[in-house]
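**Q** Would you mind keeping the following structure in view while I ask a few things?
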Amino acid sequence: MDDGNAVSPQVIVFTGLPGTGKSTLSERLGRATGVPVFAADWLMGSLVPHGVLNDLEFETYAALHDGLMETLIVRQLRLGQSAITDCVVDDATAERWAGIAAEYGARLRVVECICTDAALHRSRVEGRVRGIPGWHEIDWAHVEHMRNELPPFTLDRLVTDAVDPLEANMDKVRAYVSL
């Protein structure tokens, strides 16, 4: 098993709407490589019982989300190790994280997960129970809201489609990140 000490560390960001395969792909890659996976929903869920997220405006929530994930990324890079994230990012956040990665001689790799079949996507969202302590289950209305509110991701990235077989998507990811 790889200990995360690839020749050049990487920050591998899995992003996309809920139900498109971010967690599945990031967790599989983490297990296969030994690189830690930092999942935003788990991190934010840990704050819920403490009331930290109560009454936050979206901008403050987003800054907290990105800041916490960024701290974990920097910690790994300081150790000379790669990190995998499972979270929603925009172009500005990815550009900032790419700059941080470069400061540590690392590369940022973004994998955008999509699902081009709306019926399949909806069934994936409505049929899952993740059981994340402190966190809520996402419903289809939330996904539709996110789709309408989030700007499209436009930076260099690999795109995986949940309609494709999982192993085919994993093969694409492995080739893209070369861990």
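**Q** Return a yes/no flag: does the range 65-80 have any residue that is within 27 Å of R28 (Cβ to Cβ), in contact with a Lys or Arg (Cβ under 6 Å, 6 or more places away or on another chain) and of a type in the set (D, E).
**A** Looking for residues that are within 27 Å of R28 (Cβ to Cβ), in contact with a Lys or Arg (Cβ under 6 Å, 6 or more places away or on another chain) and of a type in the set (D, E), one finds none in the range 65-80, hence no.
**Q** Pull up the range 68-94, narrow it to residues that are among the charged types (D, E, K, R) and under 15 Å from the mean Cα position of the chain (by Cα), then point me to the one that is surrounded by the fewest Cβ atoms within 10 Å (Cβ to Cβ).
**A** Once the filter is applied, the top-ranked residue is D91.
**Q** Taking the range 24-55, which residues are open to solvent by less than 40 Å² (accessible area, probe 1.4 Å), within 24 Å of G80 (Cα to Cα) and small (G, A, S)?
**A** Residues satisfying the conditions are S26, G30, G34, A39, A40.
**Q** Could you check how many residues of the range 50-83 are β-branched (V, I, T), within 23 Å of L108 (Cα to Cα) and not in a helix (DSSP H, G or I)? Quick ask: steps written out before the conclusion?
**A** Of all residues in the range 50-83, those β-branched (V, I, T) come to 52, 60, 71, 73-74.
Cutting the leftovers down to within 23 Å of L108 (Cα to Cα) gives us 71, 73-74.
Next cut, not in a helix (DSSP H, G or I) only: none.
Adding up the residues that qualify gives 0.
**Q** In the range 151-179, what residues are open to solvent by 70 Å² or more (accessible area, probe 1.4 Å), in a loop (DSSP other than H, G, I, E, B) and either more than 24 Å from Q81 (Cβ to Cβ) or in contact with a Leu (Cβ under 6 Å, 6 or more places away or on another chain) (or both)?
**A** Residues satisfying the conditions are P151, P152, T154, P165.
The values are calculated or read from the model by the stated rules, or taken from the named source; none is laboratory data. All values derive from a computational prediction rather than experimental measurement. Every residue, glycine among them, receives a Cβ derived from its backbone with ideal geometry; neighbour counts consider all protein chains shown. Heads up: the accessible areas ignore ligands, DNA and RNA and are worked out on the full protein's heavy atoms, side chains in. Shrake-Rupley method; radii C 1.70, N 1.55, O 1.52, S 1.80 Å.
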